[in-house]
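Since the structure comes first, as structure tokens, the remarks are kept for the end.
The values are calculated or read from the model by the stated rules, or taken from the named source; none is laboratory data. These figures come from a predicted structure and were not determined experimentally. Cβ: placed from backbone, ideal geometry, glycine included. Neighbour counts: every protein chain shown.
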Amino acid sequence: MSPTTTLNTYRNLIPFLATKYRVIARDLPGFGFTELPSTYKYSFDNIAKTIGTFLETIPSPPEKYSIYIFDYGAPTGLRLALSKPSAVSAIFSQNGNAYVEGLSAFWDPIKKYWASDSTEDREALAEFLKIEGTKWQYETGTPDPNSIAPETYTFDQALMDRPGNKDIQLDLFKDYENNVKLYPEFHKFFRESQVPLLAVWGKNDEIFPPPGAEAFKRDLPNAEIHLLDAGHFAVETETEEIARLMLAFLEKNGI
């Protein structure tokens, strides 16, 4: 949910993967340093279409790819999978939720906003977009908060505080309701494709708790689930373990 750059989030993980694989890291619209027309409507449908167009137009566009889904990357990446199921070779979910079981009490005020669509409930959510909320996402559930580099949440907040960005984030809070409505379609894709899936999940995440990871087994019996002693940003503290699990999973599945 924090509007960081993709390269910053995965700055430590990418080098492990890039020794053997082509890694494509693209910021979502409204995140990082992306710039879009003032008429751009920030919805998860549009974000997925933008990323899909990017994948089709970059040099040597990939015919097949594995996707790493985390937080907002989950509804984005899974929309790509719905639009072109044959393109997805594997899915890595690091606290990338696709089940109602994975929505904690954190979502209650957001659900309240879904139901009311009121200015009051929208403005109440703006409190989470301050530095305290950004820092909370990184440190909560992390066994040693001192292991989180302070430049992570400081950099994210600088991007959050850009003019107009908070309204984008509040729009996406509202639109997240449409992701939940798509969950049955995501589950159908899992069942029909039996796509190889590895979940490497920060088990102390207070946004997307472990039941969201364990639920994958319902539709993908062969999914691998690993609950790590980490919080929401597990990739910050468990980089080497996540890389090890990913590379072993890719090798095992002949990818």
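The table that follows gives values for the structure above.
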| read-out | value |
| --- | --- |
| From 230, 248, residue being exposed (fewer than 14 other Cβ atoms within 10 Å of the Cβ) and not polar (S, T, N, Q) | 248 |
| The stretch 16-35, subset over 15 Å from residue 76 (Cβ atoms) and either part of a helix (DSSP H, G or I) or not charged (D, E, K, R) (or both), residue modelled with the lowest pLDDT | 33 |
| Selection from the stretch 167-195 of residues that are in contact with a helix residue (DSSP H, G or I) (Cβ under 8 Å, 6 or more places away or on another chain) and over 20 Å from residue 223 (Cα atoms) | 169, 170, 172, 173, 174, 175, 176, 177, 178, 179, 180, 182 |
| Among residues of the stretch 4-34, those that are touching a residue at least 24 places away in the same chain (Cβ under 8 Å) and among the small types (Gly, Ala, Ser), counted | 2 |
| Some residue of the stretch 177-197 being farther than 21 Å from residue 23 by Cβ and either of a type in the set (Gly, Ala, Ser) or in a loop (DSSP other than H, G, I, E, B) (or both) | yes |
| The stretch 199-218, residues that are surrounded by fewer than 20 Cβ atoms within 10 Å (Cβ to Cβ) and in contact with a helix residue (DSSP H, G or I) (Cβ under 7 Å, 6 or more places away or on another chain) | 206, 211 |
| One residue from 163, 143, 184 being closer than 21 Å to residue 96 by Cα, more than 20 Å from the chain's Cα centre (by Cα) and surrounded by fewer than 16 Cβ atoms within 10 Å (Cβ to Cβ) | 143 |
| Given (1) closer than 30 Å to residue 123 by Cα; (2) free of Cβ contacts under 8 Å to residues at least 60 places away in the same chain, number of the condition residue 248 does not satisfy | (1) |
| Residue that is farthest from the chain's Cα centre (by Cα), among those in the stretch 233-245 that are hydrophobic (A, V, I, L, M, F, W, C) and either closer than 14 Å to residue 197 by Cβ or buried (at least 20 other Cβ atoms within 10 Å of the Cβ) (or both) | 245 |
| Of residues in the stretch 47-80 being farther than 26 Å from residue 201 by Cβ and among the polar types (S, T, N, Q), the one surrounded by the most Cβ atoms within 10 Å (Cβ to Cβ) | 50 |
| Enumeration of residues in the stretch 198-245 that are in a helix (DSSP H, G or I) and under 20 Å from residue 135 (Cβ atoms) | 234, 235, 236, 237, 239 |
| Helices (runs of 4 or more DSSP H) contained in the stretch 50-167 and holding at least 1 residues among the basic types (Lys, Arg), in contact with a strand residue (DSSP E or B) (Cβ under 6 Å, 6 or more places away or on another chain) and on the phi < 0 side of the Ramachandran plot | none |
